[in-house]
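Q: Please read through the structure below; I'll follow up with questions.
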Amino acid sequence: MSTTQAELDLVSVAEEPGYQRPISLFRAVMRTAEGRIGLGLAVFMLLLISVGRLAAPFSPTAINVGPPIAGPSMAHLLGTDDLGRDVLSRFLYGGDTVLLVPLAAVTLALVIGGFLGLLAAYRGGWVDRLVARVFDVFLVIPALLLALVLVAGLGTSVVVIVLTVTVVYVPRLGRIVRGAAGRIAVQDFIVAAELRGESSRWVVVREILPNVAGPVLSAYALYVTYGIIFVVTLSYLGLGAQPPSSDWGLMVSDSQAFISFNPWATVAPALGIAAMSVAFTLVADAANRQLARGNDRVGTGV
Amino acid sequence: MSDLQAPVETTEGGARTGSVLGVAGRHLVSALVTLLVISLITFFATSLKSPEQLAKASLGRYITPAQSLAFVKEYHLNRPLVVRYFDWLANFVRGNFGTSYITHRPVRLDVLPRLERTLLLTLATLVVAVPVGLATGVLSARRWGTRSDLAMNIGAVVLSAFPEFVIGLFLLLVFAVDLKLLPVDSGQGLAFGTLSAQIKAYVLPTATLVVASVPFIMRNTRVAVREALAAPYTRAAVLHGIPRRRVVWHHAMRNAAGPILNAVALNVIYLLAGVIVVENVFDFPGLGQDLVASVGTGDTITVQAVAMLLGATFILVSLATDALAGALNPLVRGSRQ
Amino acid sequence: MSDVQLSVDGLTVAYDRPSQQPNTVVWRASINLRAGQIHGLAGESGCGKSTFALAAIGYRDRGAIITEGSSRLDDLELLGMPARDLSRIWGRRVAYVGQSASTSLNPALNVGLQLGELLSLYLGLRGEKSRRRQAELLDEVGIPDPSAALHRYPHQFSGGQQQRIAIAMALCGDPGVIILDEPTTGLDVTTQARITAMLKDKLAGSSAATLYVSHDLAFLSTVTSRLAVMYAGEIVEEGPTQTVLQGPRHPYTGALLAAVPSAVDGRQVVGLPGRPPLSVVKDACSFAPRCPLSVERCRSSHPVLENANEHSQVRCFRWPEFRHRSVAATPRQEAVRTELASPVLAVRDLVCVYSQARRPAISGVSFDLAEAETIAIVGESGSGKSTLLRCIAGVLSPADGSVLFKGESMPPRAGDRPRTLLSAIQLVFQNPESSLNPRHSVADIIRRPIRLFRPDVSRSQEDLEIRELIEAVRLPAAMLHRYPNELSGGQKQRVALARAFAGKPDLLLCDEVTSALDVSVQASVLELLTESTQQTKTAVVFVSHDLAVVRTIAHRTLVMRDGSVVEEGNTDQLFAAPTAAYTRELLSAIPTVKPDAEAHATPA
């Protein structure tokens, strides 16, 4: 050979013009306008629901601080509701359950569903088939129907809501994790790991998990969005938060009766819900789009 | 074996003509299993209240133990749960939905007209949403990657982020409150109004559900059409000299139809939840409104009946769409997303 | 003198890139297709031959632009023709058969409908007449029970049958120009031979002008009368096929020929270092970095296509000085097989069954393997060769029989084997894309076996060994920090080998390790494999479907069919004088580059 093999092989794929080094999913999302808007909005909403209450002029439960069902005024920027409560203050206090309850439930669902999905994908065989079957059965059950039935039987409480959401999303998230992990588990490098005598723990944590982190996190974001919509709908229907909470969903339904007189009592929380949901949806969608582009640009890790 | 001697394979599940029935049978079985599971969950979840609680809910808070006992006997609440389950299931299948604790009327009387209205609402939604979703999806797919496609797609994404009741309220605010074109309260119109009032009562709920459904159908259509258009067999068809229009509709769309129908079937299931919410937003006297109200009043018998009816309706519609998908594309027959 | 049906002149294709210069992938390539002739186009993956073939008939993928050149079909200029006119030409006057029929046939329509549509379009046939012709066409391409086949869907046919159907569809309009783009790639050797024979048969009688695109020089030598060689988007040599293959004028053609293994003489293959450029090189010779003859001029100016004589052309400044020397067959180092030394591996009556399968995947397989010996397991798909390897490796448990390693029996499942045993037996996989964890760096990948199998080794000693290993597989140390998706297929396989050698194995199991690689890359990896295993005295079980590769590197060969051993013995003897009919059938199906050698015969 005229030139050394080593020198020539140095020209790896990376040096070719037009090649782009794989980047993390987060960075890829940040590069898109959609991702930036979504993340920005999400951060803003997070601030609003956490520290926004510090700006509230009144207590959210204080009644008759103003004339009932009054329109916006200097004292009450968003007017008052039928019990004379300040709408702005109620709004600033009402956002946390909109995010926190679904967040808790979806996280729990991811942990349980993810564990089952990983187990099924890794073990294969009858375990996989059994888990898939169980998932399939629960997947078809419409979420809201299940929620209504459970509330009918168990009453309304945060625990019941979280339980319902978790039960509904475990099979959905589990299915996604099982799918992603399943695609990895059949790869030869997993067989190579097993042939080294690696422990199951190693294979799952060090070989499989880094490769599914991207798709799983992106699905997580998506389901947080679904969760937000679901939980706030339950509150709207009167099955979630209970008065005198100013949970946004409950606020909307409480104030719908006098929408013609002070629409802000309905519009403000509705907009808040929409903004929260849109924020997470945009982030999840941007992430999914980047992942769908293929692994040549975006590493599957975070 | 050389390929000349290799036998021509058959699909899983037997000879080709039999496979359509075979797979339809599988879908039917799986639908029945799902209904069964719904019935189980519904019945056992709603039976968590003790007979005493139910008696109180029915007859009032201050009842004597004797009254309570009579109540329990009347509704057979003292029998074992499993027996009651089968009794209930048997009755349900025969159309006997029991007598409500709260209204003291046979559930059937109240529920059937509501079923009719909910069905009409659902059908109206599908009739509008599916063509709109398909058309926008196809349009978007043909312009894949262009600005208009991206705009439509992001639009669909944002729209899908809105909960149905938010959409409904917005429409209510604009059309009923501000413009005063349509009634704020559907219930009155449907119960007492003229035909035109009745139709007007359907408009806003339908519109809300359509706005909620179109993004989902559109996005799935877009992806399915795109994949079909970008598939190797599409290129091969073009290279065979088949005119472009025919390639798109006869070859590509045929393959896209399966996934699209699957998406529509899924959407039907989503509509089930949507209908419940939207009926409540507009106080529309359908099954959804009844369900929520019954949960609120503790009318477990109505809850059981309505849950089953809703579940059965939507699962059957979804089954029909799946079957249609299978008829169009043999490869899709065995699978179900 | 046959007339030119399709004349492609100076065709240039580029891909648009957002906010960058377009990426040229085919540059000023020309070819003349003559009636009644099959013209070959050879090249490795990425050289642009498929893009060229499609552009030549006026088709371009999305994002591709044809920036210059012309392609004339008789008197019609195809480039720039409106789509409507092109679609009247495609299928009728010009046909295209692509590589993978399983995806080019519409899965939602049955075969009869797809054929019938074309017959109606081209010939106006409908109804009963059409059905008759459909059945005839299927029969002509060798589909059994044609009338029943018409009602079947593509996925109900085997790969070879699907390709036959695709060919039938392409030829049913009796086109004057036919483009065959790797039509038999991916199919079994015997299937390939049959389909190629069928094609030759059909084309022999017709006056169609054919372009046969392939990476397989051996196939091209049996089928084509003229051959063009493509490299980095340019035609670098062209001439009568036998001239090009036996007396190549361009160093790249020479290098390709030196890298092609031969089942006839099993001569050593010579690898070609480096990688081809990803796009056209306009200001120098694209082959210069890898060329043994390259001088300053080659790196600073771009060679044009010159006439070497009235029949051949070559694109090289130094072509008159290039002499292709075919490497003579060197006798392989025979492994010392004494009666005393116990074989490293002894397989006895091995039976392996997949759960839910009706018959065993392998049954009654027995063989011995001595130290530093390489045995090849050869067979077509379904022969059980990979299953056998996985059984030995411990991925699958045998149902019966035994596998003795160094005289001792082993736990059948890898999970039950001690670390020392796992380290001594290493498996290298076929697909470089899936055998390395994309989230681990090359250094991580090579380090892990060392860490796991010899935990007492110090960190600095580890680092030293890693460097040694990466250099032993002829990759620069800078690679250690890279991740698999920054590596090419050949480089990934080298890393996989380095990982295997990190365990200091006594036995190396290779599962079609070069099947997914280009021929020149394959040659490099084979060179590496032979060298390393000879140095370390590692025994090798090499599974392959490629008899030529097997002849090149294996001391002994085992032929398998449907799970059983058909024949076994010393490689040279087995190839020269096979005793089993199946072996003879396999051997006769392989085309060779030198058609005058005895091994070449028309397939049975």
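Q: I need the phi-derived Karplus couplings for segment C:558-571: 6.51 cos²θ - 1.76 cosθ + 1.60, θ = phi - 60°, integer Hz, Gly and Pro marked x.
A: Residue by residue, segment C:558-571 yields 10, 9, 10, 8, 6, x, 10, 7, 8, 7, 8, x, 4, 4 Hz.
Q: Also: Using the alpha-carbon atoms, what tilt in degrees (0 to 90, nearest 10) does helix B:253-281 show relative to the longest principal axis of chain B?
A: Roughly 20 degrees between the two axes.
Q: Can you spot the aspartates and glutamates whose alpha carbon is less than 19 Å from B:Lys73's alpha carbon? Ignore those fewer than 8 places along the same chain.
A: Reachable aspartates and glutamates: B:Glu52, B:Asp87, B:Asp299.
Q: Report relative contact order for chain A in percent, whole number only (criteria: Cα-Cα under 8 Å, sequence separation at least 6).
A: Here the relative contact order equals 29 percent.
Q: Also, quick follow-up: Helix B:147-160 versus the longest principal axis of chain B: what is the Cα-based angle in degrees, 0 to 90, to the nearest 10?
A: In chain B, helix B:147-160 runs at an angle near 20 degrees to the longest axis.
Q: Related question: Normalising by the residue count of segment C:102-173, find the relative contact order in percent from Cα pairs under 8 Å and 6+ residues apart.
A: Relative contact order for segment C:102-173 comes out at 45 percent.
Q: A further question follows. So what J values fall out for segment C:90-102 if you push phi through Karplus, 6.51 cos²θ - 1.76 cosθ + 1.60 with θ = phi - 60°, rounded to Hz, Gly and Pro as x?
A: 5, x, 8, 9, 10, 10, 10, 10, x, 6, 10, 5, 4
Q: With θ set to phi - 60° and the Karplus curve 6.51 cos²θ - 1.76 cosθ + 1.60, what are the ³J(HN,Hα) couplings of segment B:228-241 in order, to the nearest whole Hz, using x for Gly and Pro?
A: Whole-Hz 3J(HN,Hα) from phi for segment B:228-241: 5, 5, 8, 6, x, 6, 5, 4, 4, 5, 4, 6, 7, x.
Q: With both bridge residues required to lie in chain C, what share of the DSSP beta bridges run antiparallel, to the nearest 5%?
A: Antiparallel bridges: around 55 percent, rounded to the nearest 5.
Q: Cβ neighbours within 10 Å, averaged per peptide: list C:136-145, A:224-233 in order, most packed at the top.
A: Averaged packing, sorted descending, gives the order A:224-233, C:136-145.
Q: Okay, moving on. So if I take the centroid of the Cα atoms in segment C:6-20 and the same for segment C:169-184, what is the distance between those two points in Å?
A: Centre-to-centre distance over Cα atoms comes out at 24 Å.
Q: Shifting gears a bit: Given the pairs C:Lys49/C:Lys385; C:Lys282/C:Lys492; C:Lys406/C:Lys504; C:Lys492/C:Lys537; C:Lys200/C:Lys385; C:Lys406/C:Lys492, which are separated by over 26 angstrom at their Cα positions?
A: Beyond 26 Å between Cα atoms: C:Lys49/C:Lys385; C:Lys282/C:Lys492; C:Lys200/C:Lys385; C:Lys406/C:Lys492.
Q: Which residues' amide hydrogens lie under 5 Å from the amide hydrogen of C:Ala209, considering only partners 5 or more residues apart or on another chain, with H built in the peptide plane?
A: Those lying under 5 Å, H to H, from C:Ala209 are C:Gly36, C:Val177, C:Ile178.
Q: Just tell me how shielded C:431-440 is by partners: mean number of partner chain Cβ atoms within 10 Å of each residue's Cβ, no decimals.
A: 6
Q: Sort C:His324, B:His251, C:His39, C:His545 so that the residue with the fewest other Cβ atoms within 10 Å of its own Cβ comes first and the one with the most comes last.
A: Result, fewest neighbours first: C:His324, C:His545, C:His39, B:His251.
Q: Ok, one more. Output the relative contact order of chain B, whole-number percent, from Cα pairs under 8 angstrom with separation of 6+ residues.
A: 24 percent
Q: Distance from the Cα centre of segment B:73-90 to that of segment C:534-567, in angstrom?
A: One Cα centre to the other: 72 Å.
Q: Here is a follow-up. List the residues, sorted by chain then number, that are 5 or more residues from C:Leu404 or on another chain and whose placed amide H is less than 5 Å from its amide H.
A: Amide H neighbours of C:Leu404: C:Ala346, C:Val347, C:Arg348.
Q: Calculated FRET efficiency, A:Thr61 and A:Val158, Cβ-Cβ r, R0 22 Å, to nearest 0.05?
A: Once rounded, the FRET efficiency stands at 0.80.
Q: What does the average come to when, for each residue of peptide C:263-270, you count the partner chain Cβ atoms lying within 10 Å of its Cβ?
A: Per residue, the number of nearby Cβ atoms from other chains is 0 on average.
Q: What is the helix-to-structure angle for B:81-94, meaning the angle in degrees between its Cα long axis and the longest Cα principal axis of chain B, kept from 0 to 90 and rounded to the nearest 10?
A: Orientation of helix B:81-94: about 70 degrees from the principal axis.
Q: What ranking, highest mean first, results for peptides C:403-409, C:472-478, A:40-46 when packing means the other Cβ atoms within 10 Å averaged over each residue?
A: Going by the mean number of other Cβ atoms within 10 Å, highest first, we get C:472-478, A:40-46, C:403-409.
Q: Starting from the Cα of B:Leu324, step 7 Å toward the Cβ, then list every residue of segment B:210-232 with an amide N under 18 Å from that point.
A: Counting only backbone N, you get B:210, B:213-222, B:224-225.
Q: Please report how far the C-alpha centroid of segment A:87-103 lies from that of segment C:416-490, rounded to the nearest whole angstrom.
A: Going from one Cα centre to the other spans 52 Å.
Just so you know, all these numbers are worked out from the coordinates, no wet-lab data involved. Predicted model only: the values in this text are computed from it and were never measured. Don't worry about glycine lacking a Cβ; one is built from the backbone with ideal geometry, like all the others, and counts go over all protein chains shown.
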